[in-house]
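Contents: one structure, followed by commentary.
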Amino acid sequence: MDGVKVDLFGDGIPKDVVAKGILVSKDHKEKVTNVPLGPDHWKIFLEEVICPSYILSGSGDNAFTVEQAINSFLAWPSANDQLV
């Protein structure tokens, strides 16, 4: 199932598609920026931005938007993505 396209939803209500990407891994031991994904996240390659100003969750004081993360790997909550 790795390598399939996914729609990435924001965490607001309603859940809107904020970006599109490619599923790289569901392995909870896989790392993104040296941090293991854990059981509730998938490793995604972000390839298309829908909502450029959407702020990525968990970015803390160094808030990153989806637009800033284009063409990079992200840990995305598995509850907020859908296989295309």
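Laid out as a table, the results:
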{"read-out": "Every residue from region 59-74 that is farther than 12 Å from G10 by Cα and either exposed (fewer than 12 other Cβ atoms within 10 Å of the Cβ) or modelled with pLDDT of 90 or more (or both)", "value": "G60, D61, N62, A63, E67, Q68, A69, I70, N71, S72, F73, L74"}
{"read-out": "Failed criterion for S53 (all others in (1) modelled with pLDDT of 90 or more; (2) small (G, A, S); (3) under 12 Å from the mean Cα position of the chain (by Cα) hold)", "value": "(3)"}
{"read-out": "Residue pairs meeting the criteria (Cβ under 6 Å; at least 6 apart or on separate chains; first in contact (Cβ under 8 Å) with a residue 12 or more places away in the chain, in region 65-76; second assigned to a loop (DSSP other than H, G, I, E, B) and buried (at least 18 other Cβ atoms within 10 Å of the Cβ))", "value": "V66/Y54; A75/L37"}
{"read-out": "Of all residues making up region 31-57, the number that are closer than 9 Å to A75 by Cβ and crowded, with 17+ Cβ neighbours inside 10 Å", "value": "6"}
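The values are calculated or read from the model by the stated rules, or taken from the named source; none is laboratory data. Predicted, not measured: the structure shown is a model, and the values here were computed from it. Backbone-built Cβ (ideal geometry, glycine too); neighbour counts: all protein chains shown.
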